[in-house]
Every structure is written in structure tokens, then in C-alpha cells.
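The values are calculated or read from the model by the stated rules, or taken from the named source; none is laboratory data. All of these numbers come straight from a predicted model, not from anything done at the bench. So basically every Cβ, Gly included, is an ideal-geometry build from the backbone, and we count neighbours across all protein chains shown. With ligands, DNA and RNA removed, areas are computed over all heavy atoms of the protein, side chains included. Shrake-Rupley method; radii C 1.70, N 1.55, O 1.52, S 1.80 Å.
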Amino acid sequence: MAERRVSRWYFGGVASCGAACCTHPLDLIKVHLQTQQEVKMRMVGMAMQVVRSDGVIALYSGLSASLCRQLSYSMTRFAIYDTVRNTRGSEQKGPMPFYQKVLLGAFGGMTGGFIGTPADMVNVRMQNDVKLPPELRRNYAHALDGLIRVWREEGLRKLFSGASMASSRGALVTVGQLPCYDQAKQLILSTGVMTDNVLTHFLASLIAGGCATVLCQPLDVMKTRLMNSKGEYRVRVLGQMAVCTSLLTLSLVTMFLLHLQPDLVSRLFVFHCGFRG
């Protein structure tokens with residue numbers, strides 16, 4: 001009798017934390033590239049500058065906030081997607097249609113993105129601190145210190161700065177990851193060439209990670225700029241359109257592709273570690 005594998009939604013959140021510990025340097029470099037006002041450095045050059053100026057340990061600035069973000073953002077979207085998918089699958093006696101997976105992934109990602117916004121904002125600020133002059137650094141000791149200081153110094157509302165971008169990005173990246181992973185795995189297994197093993201999971205993760213990166217990259221740049229801003233992007237009713245206009249003025253269209261490299265490598269690793277069947 002074949003062994004039946006049962007996934008748990010919290011596996012994805014915990015695994016995402018483990019993967020974040022490995023990919024955090026890439027994420028930090030990505031934030032540094034995204035906050036450039038003009039293209040001056042690429043991935044390797046930016047990494048070398050961080051190491052030369054602040055040492056290797058600086059590549060892990062903001063790790064506590066990154067873990068806090070994974071526990072709030074990733075665990076929420078995995079909980080929503082996995083729970084509903086498994087329930088619907090049991091009721092329908094088979095896998096959900098792809099369009100239902102896309103809608104479910106978008107809802108889970110949007111919810112997770114909103115819940116994870118405070119930790120995400122502190123993460124962006126802590127990562128960007130190392131490239132600022134000492135007198136301009138925020139110097140958050142850890143994620144909890146950052147959350148408390150933002151609340152006290154800038155107000156509760158500031159903790160959700162960039163929430164619209166984070167939610168939109170969360171919806172896109174989750175659609176690219178979870179439904180695409182399930183569908184890719186389903187298609188691979190339907191060929192009969194491969195069985196349900198690690199290689200199948202890796203190939204499905206590779207496809208899903210690539211889809212997610214291409215889908216969310218523009219919004220990821222805008223989200224990072226908005227969270228790290230000090231008021232230069234004024235967001236009102238048409239918040240996302242305002243930020244888009246501001247960033248296009250800064251010629252960021254070309255930078256979207258420039259930042260694709262570290263984000264793609266990081267996302268492929270995180271997603272492969274975060275999925276388990």
C-alpha cells in the first residue's frame with residue numbers, strides 16, 4: 001500500500017523561515033538595488049560594496065524582521081490556500097480547477113501581504129540602513145524594536161505604509177507560486193514520465209518560482225520604494241497609480257529587469273525549500 005503524504009499549512013511557513021536564513025543576503029542586495037535613484041551598480045558590485053563598507057555580517061542586516069515577515073505573511077497565505085484547497089479537494093473528489101486555485105491564491109496572498117506589511121516595512125528599513133550615512137540610519141536593534149519605534153515615533157498608521165502595494169504584490173506572487181506549483185506538478189505527473197518524488201517537486205518549484213518573480217517584480221520595486229520612503233511618494237485614493245507615476249519619472253522601467261536576477265535566484269531557492277508536495 002502506497003504511503004499517503006499529508007501536507008500541513010504551517011510546514012510552508014516554517015520552511016520559508018529556514019529558506020529566508022539562506023537567501024537573506026540576496027534579498028538585502030535586491031533592496032539596495034531597488035532603492036537606487038539611478039542604475040549605478042549591479043548585483044555583484046552591490047554585494048562587494050556592502051561587504052567592504054560594513055563586513056560580511058552586514059549581509060544579514062534585518063534577518064529578525066525577515067523571519068517575522070515569513071511567520072506573518074507566508075504562514076497566512078499557506079494557511080488560507082492549503083486549508084481551502086484540501087477542503088475543496090475532499091468535497092470534489094479531485095483537484096480544484098486552475099481558475100479556482102488562482103482566485104484562492106490571490107485572496108490568500110492579498111490577506112497575507114496586508115498582515116505581513118509591518119514586519120515587511122521594518123525588514124526593508126533594516127536592510128537599507130547599512131548603505132545610509134551613520135547619522136541617517138534608523139538603527140533598529142531587531143524586528144520588535146523596529147515595530148515599537150515606528151508605532152511610537154510615526155504612529156500606528158505608518159506600520160501599514162505600502163500595504164496596498166504589499167497586498168497587490170502578495171496576490172501576484174502567490175498566484176505565481178501556489179496555483180502554478182500545483183498545476184505544474186499535476187501536469188508533470190499526468191505525463192507518466194515522472195513519479196511524485198523530490199525531482200518532480202523541484203521542477204514544479206522551478207516553474208512556479210519563475211512565474212512568481214516575473215509577475216511580481218514591478219510591484220516589488222514599488223513596494224520597497226514606498227516602505228523606505230520618508231514622504232516623497234504621496235499616496236491617496238489613487239495610491240498605486242501615484243507611486244507608478246513617480247517611479248516611472250525616475251526611469252525605473254529598466255530597473256525592473258535589472259533587479260530580476262537576485263530576486264529570481266532568491267525566490268527559486270525559497271520556494272523550493274518552502275514546498276513539500
Top positive-direction residue, dipole computed over segment 117-196 with Cβ charges, set 172, 192, 126: 126
Length released on extending from residue 103 to residue 193, taking residue separation times 0.36 nm less the Cα-Cα span: 29.4 nm
Accessible area expressed per residue, segment 89-224, with surrounding protein chains retained (probe 1.4 Å, Å²): 45 Å²
Heavy-atom SASA rank of 194, 110, 126 (probe 1.4 Å, accessible area, largest first): 110, 194, 126
Highest-first arrangement of 65-72, 175-182, where packing means the average Cβ count within 10 Å: 175-182, 65-72
Modelled FRET efficiency - R0 41 Å, residue 91 with residue 160, Cβ distances, 0.05 increments: 0.70
Heavy atoms of residue 207 accessible to a 1.4 Å probe, total area in Å² rounded to 10: 80 Å²
Rounded if a/c under 1.5, otherwise prolate or oblate - segment 146-192, Cα gyration tensor axes: prolate
By average C-beta atoms within 10 angstrom, highest first, the peptides 74-80, 12-18: 74-80, 12-18
